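The values are calculated or read from the model by the stated rules, or taken from the named source; none is laboratory data. Because the structure is a prediction, the values reported are computed rather than measured. Heads up, the Cβs are rebuilt from the backbone with ideal geometry, glycines too, and the neighbour counts pull from every protein chain shown.
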Amino acid sequence: MDWVGELRLRVLPVAGDVAGPDGRTVAITLAAASALVFVPGLWSLARVAVTLVHELGHALVGMAVGRRFTGFVVRNDMSGHAVTAGRPRGPGLVLTTWAGYPAPALVGAGLVWTAVRGWSAPVLTGALLIILLAVLRIRSAYTALVMAAALGGLGALWWWRADGVQQQVLIAAGLLLIVGAWRHVLAVMSAGSGGDDPAVLARLTGVPRLVWSLSYLAVAAGSAWLVVGQLTGL
């Protein structure tokens, strides 16, 4: 087997024109993503994906601003924790702390935007690399289980490449993350805990937690608007 050729085949985007999903498929996908978020039994499983993206958002932005990512935990109660080491104050820490709640919405919009353009394969390749690197920072058995499931699912979707299936899965995942992001943001706004991200940001900056929460809503709204524009224009 020509492994270089096989790997190259699984990384390149779709060549030529890309056929987007029809309106019926989009409606079914949106209904399924909404069910995963709003049906309690299903949400208890699906929310782990939203939390994982949230924590990796902290980690990736932290590394981008020069902080050191030392570990993370995902729990089955929708909570999680990512640790970055660096200066105890300053814009880098503020941006790292802020990045968690916007991450699912931004990633969700990115998944839909790239999927409808035939870039599912490169996106899956990048996601696999991120997961593989993050495995080195796992700090709990449950997190290891979540990461193993993510690697298995993404790896299978990537290796047995089927452009139409990849596109539909990424659109579904994107919709799930966006709807889940809205649920996470509304939950943190109603909870008002002194240890959540908006409260930490308020202590770091002196800017009220409501302002930070509204910034999360703005990102979620912008991401949803972008996705609606993408899918209604197909």
Looking at segment 29-59 only, could you name the residues that are among the polar types (S, T, N, Q) and over 22 Å from V165 (Cβ atoms)?
S44, T51
Would you point out the residue of segment 128-152, among those that are among the small types (G, A, S) and not in a loop (DSSP other than H, G, I, E, B), that is surrounded by the fewest Cβ atoms within 10 Å (Cβ to Cβ)?
A141
I'd like to check something: does segment 28-35 contain any residue that is within 20 Å of V123 (Cβ to Cβ), touching a Pro at 6+ places or on another chain (Cβ under 6 Å) and in contact (Cβ under 8 Å) with a residue 24 or more places away in the chain?
no
Test W182 against the criterion of being of a type outside the set (A, V, I, L, M) and in contact (Cβ under 8 Å) with a residue 24 or more places away in the chain, and give yes or no.
yes
Across segment 223-234, what is the number of residues that are in contact (Cβ under 8 Å) with a residue 60 or more places away in the chain and within 12 Å of A105 (Cα to Cα)?
4
Considering residues that are of a type outside the set (D, E, K, R) and outside any helix (DSSP H, G or I), the number found within segment 153-186 is 2
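Restrict the check to segment 165-188 and report whether at least one residue is more than 21 Å from the chain's Cα centre (by Cα) and not charged (D, E, K, R).
The answer is no; no qualifying residue exists.
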How many residues of segment 101-127 are part of a helix (DSSP H, G or I) and within 13 Å of the chain's Cα centre (by Cα)? The answer is 15
Return the pairs, sorted by first residue and then second, in which the second residue is part of a helix (DSSP H, G or I) and modelled with pLDDT of 95 or more, the first residue lies in segment 194-214 and is buried (at least 19 other Cβ atoms within 10 Å of the Cβ) and of a type in the set (D, E), the beta carbons are less than 8 Å apart, and the residues are 6+ apart or on different chains.
D197/T97; D197/W98; D197/W212
Selection within segment 102-139 - without any contact (Cβ under 8 Å) to a residue 60 or more places away in the chain, farther than 16 Å from Q168 by Cβ and not small (G, A, S)
L128, L129, I131, L132, L133, V135, L136
For segment 90-100, give me each residue that is more than 22 Å from A181 (Cβ to Cβ) and either charged (D, E, K, R) or outside any helix (DSSP H, G or I) (or both).
G90
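So that you can scan it fast, the table gives a plain yes or no per residue for (1) assigned to a helix (DSSP H, G or I); (2) of a type in the set (K, R); (3) without any contact (Cβ under 8 Å) to a residue 60 or more places away in the chain; (4) under 26 Å from S215 (Cα atoms):
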site	(1), (2), (3), (4)
L52	yes, no, no, yes
E55	yes, no, yes, yes
H58	yes, no, yes, yes
G66	no, no, yes, yes
Quick one: in segment 27-47, which of the residues that are closer than 13 Å to R183 by Cα and among the β-branched types (V, I, T) is surrounded by the fewest Cβ atoms within 10 Å (Cβ to Cβ)?
V39
Residues of segment 68-89 satisfying the condition of being closer than 22 Å to L145 by Cα and either assigned to a helix (DSSP H, G or I) or among the charged types (D, E, K, R) (or both)
R75, D77
The residue that is surrounded by the fewest Cβ atoms within 10 Å (Cβ to Cβ), considering only those in segment 65-88 that are small (G, A, S) and under 22 Å from I178 (Cβ atoms), is S79
